[in-house]
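The values are calculated or read from the model by the stated rules, or taken from the named source; none is laboratory data. All values derive from a computational prediction rather than experimental measurement. All Cβ positions, even for glycine, are placed from backbone atoms using ideal geometry, and neighbour counts span all protein chains on display.
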């Protein structure tokens, strides 16, 4: 069994039709047979607060993801290791760049930017923004680029009932899996609502 922080492939799945709150199931395989993680996002929170657990019982929390501010166009999210309480960095939405093509900066525990998560082609991003239902034909794709490491890809797959985010981590990538999972949760939980 592959652990949540050891996998090089994740599928995060959420149902689109929910009354309150969001539930995210994290799998390591395409068949979605091996549940390796779970997340629940409470509804009606003033500041986003997302927790990632190893299973649905929520017995072992791995990561806390919290918005820094209530209303923030740049959208800054801090990631904390739930076991140690230490800051492991986070992501910040690049508001100006994101008007046409979504972009996030990845920062470390000292707030120093060291990587970027960027939406795929400008043309596809514009089509998704201005053509109704285009997100079904042109699913949103992101890549996380860290100097000296192969890229990590995030691909949205949406149908009217289920939204999935597929994360592929290339062999040899040295980025902390907690950062990758944190960025993935922001993409599926926050980005998914905006689109």
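Taking the stretch 67-87, which residues are surrounded by 17 or more Cβ atoms within 10 Å (Cβ to Cβ) and either assigned to a strand (DSSP E or B) or on the phi < 0 side of the Ramachandran plot (or both)? Steps first, answer last, please.
As a first pass, look at the stretch 67-87 and keep what is surrounded by 17 or more Cβ atoms within 10 Å (Cβ to Cβ): 67, 75-80.
Residues satisfying the conditions are 67, 76, 77, 78, 79, 80.
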### Query
Pick from 159, 173: which is more than 12 Å from the chain's Cα centre (by Cα) and surrounded by 14 or more Cβ atoms within 10 Å (Cβ to Cβ)?
173
## Note on the structure
Out of (1) more than 28 Å from residue 146 (Cα to Cα); (2) touching a residue at least 40 places away in the same chain (Cβ under 8 Å), the one residue 91 does not meet is (1)
### Message
Checking residue 47 against (1) in contact (Cβ under 8 Å) with a residue 24 or more places away in the chain; (2) closer than 18 Å to residue 186 by Cα; (3) assigned to a loop (DSSP other than H, G, I, E, B): exactly one of these is not met. Which one?
### Response
(1)
### Message
So the check is Cβ under 6 Å with 6+ separation or different chains; which pairs have a first residue in the stretch 28-42 that's on the phi > 0 side of the Ramachandran plot and modelled with pLDDT of 85 or more and a second one that's surrounded by 13 or more Cβ atoms within 10 Å (Cβ to Cβ) and outside any strand (DSSP E or B)?
### Response
none
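Every residue, every condition in (1) modelled with pLDDT under 95; (2) over 13 Å from the mean Cα position of the chain (by Cα), yes or no:
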site: 70; (1), (2): yes, yes
site: 78; (1), (2): no, no
site: 86; (1), (2): no, yes
site: 90; (1), (2): no, no
site: 101; (1), (2): yes, yes
site: 108; (1), (2): no, yes
site: 113; (1), (2): no, yes
### Query
Quick check: is even one residue across the stretch 14-25 under 24 Å from residue 84 (Cα atoms), within 14 Å of the chain's Cα centre (by Cα) and exposed (fewer than 15 other Cβ atoms within 10 Å of the Cβ)?
no
#### Entry: Among the residues listed as 11, 26, the single one being out of contact with any helix residue (DSSP H, G or I) (no Cβ under 9 Å at 6 or more places or on another chain), in a strand (DSSP E or B) and under 18 Å from residue 183 (Cβ atoms)
11
### Task
Select from the stretch 127-149 the residues that are out of contact with any strand residue (DSSP E or B) (no Cβ under 8 Å at 6 or more places or on another chain) and surrounded by 14 or more Cβ atoms within 10 Å (Cβ to Cβ) and write down the one among them that is nearest to residue 176 (Cα to Cα).
149
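Out of the residues in the stretch 170-195 that are farther than 20 Å from residue 50 by Cβ and touching a strand residue (DSSP E or B) at 6+ places or on another chain (Cβ under 8 Å), which is modelled with the lowest pLDDT? Give the derivation first.
Of all residues in the stretch 170-195, those farther than 20 Å from residue 50 by Cβ come to 170-174.
After this cut, where a residue has to be touching a strand residue (DSSP E or B) at 6+ places or on another chain (Cβ under 8 Å) as well, the list is 170, 173.
Working: 170: 90, 173: 87.
So, considering only residues that are farther than 20 Å from residue 50 by Cβ and touching a strand residue (DSSP E or B) at 6+ places or on another chain (Cβ under 8 Å), the one modelled with the lowest pLDDT is 173.
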